[in-house]
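The values are calculated or read from the model by the stated rules, or taken from the named source; none is laboratory data. Remember, it's a predicted structure, so these values are computed and weren't measured experimentally. Don't worry about glycine lacking a Cβ; one is built from the backbone with ideal geometry, like all the others, and counts go over all protein chains shown.
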Amino acid sequence: MASSDNTTKLTIFTPYKKFFEGDVTSVVIPTIDGQMGFMPGHPPVIVALKPGMSHFELSNGEAKYFTVSEGYCEVSPDNRITVICNAAEFPEDLSPRHTCRSYTEAVKNLESARKIEDKAARDVLVKEYYQAIDRAKARRHLLEMYGSDHQKERIAILVEEFGWKDLF
């Protein structure tokens with residue numbers, strides 16, 4: 001149940017752990033229809049997520065930025081917000097090198113997938129690799145915006161090293 005002090009309970013689950021649970025004043029998430037924000041009192045809704053950068057605000061005004069991958073978000077009638085996603089990461093959980101490697105690997109795999117003759121198999125793999133590219137882009141953006149000074153320096157160097165020119 002939502003708190004009476006203009007907060008709502010946010011819980012974020014991944015297959016591996018409960019990523020976050022606590023009272024927040026708002027949450028913004030990337031959905032397949034665009035960015036959506038939820039605050040206490042929002043009508044019940046279920047939305048599909050797409051990989052991207054998200055944030056929530058704690059009652060003390062502190063904003064916490066993170067990435068989410070594919071999944072869904074439910075605002076329940078009792079004003080709880082539940083996010084179920086394949087992955088969620090704070091900047092401190094991310095490796096700049098892994099972020100760049102995952103991007104270049106997904107681009108390479110996408111090129112191979114486009115050559116598959118079976119249309120159904122090709123479509124599934126192409127979608128999967130586009131999602132992997134979107135996850136890597138979200139991680140890069142999170143590191144560039146909210147990472148530590150060291151992470152920001154490393155991602156700038158590695159983006160050049162890996163030849164990753166564009167973010168969007």
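Numerical summary
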{"quantity": "One residue from LYS64, LYS50, LYS18 being under 13 Å from ALA138 (Cβ atoms) and not hydrophobic (A, V, I, L, M, F, W, C)", "calculated": "LYS50"}
{"quantity": "Residue check for TYR65: surrounded by fewer than 18 Cβ atoms within 10 Å (Cβ to Cβ), touching a residue at least 60 places away in the same chain (Cβ under 8 Å) and assigned by TED's automatic domain parsing to the domain that holds ILE29", "calculated": "yes"}
{"quantity": "Residue within region 56-74 that is touching a helix residue (DSSP H, G or I) at 6+ places or on another chain (Cβ under 7 Å) and of a type in the set (Asp, Glu) present", "calculated": "yes"}
{"quantity": "Selection count where residues are crowded, with 17+ Cβ neighbours inside 10 Å and among the acidic types (Asp, Glu), scope region 71-98", "calculated": "1"}
{"quantity": "Filter result for ALA138 (surrounded by 14 or more Cβ atoms within 10 Å (Cβ to Cβ), touching a residue at least 60 places away in the same chain (Cβ under 8 Å) and not assigned by TED's automatic domain parsing to the domain that holds GLY37)", "calculated": "yes"}
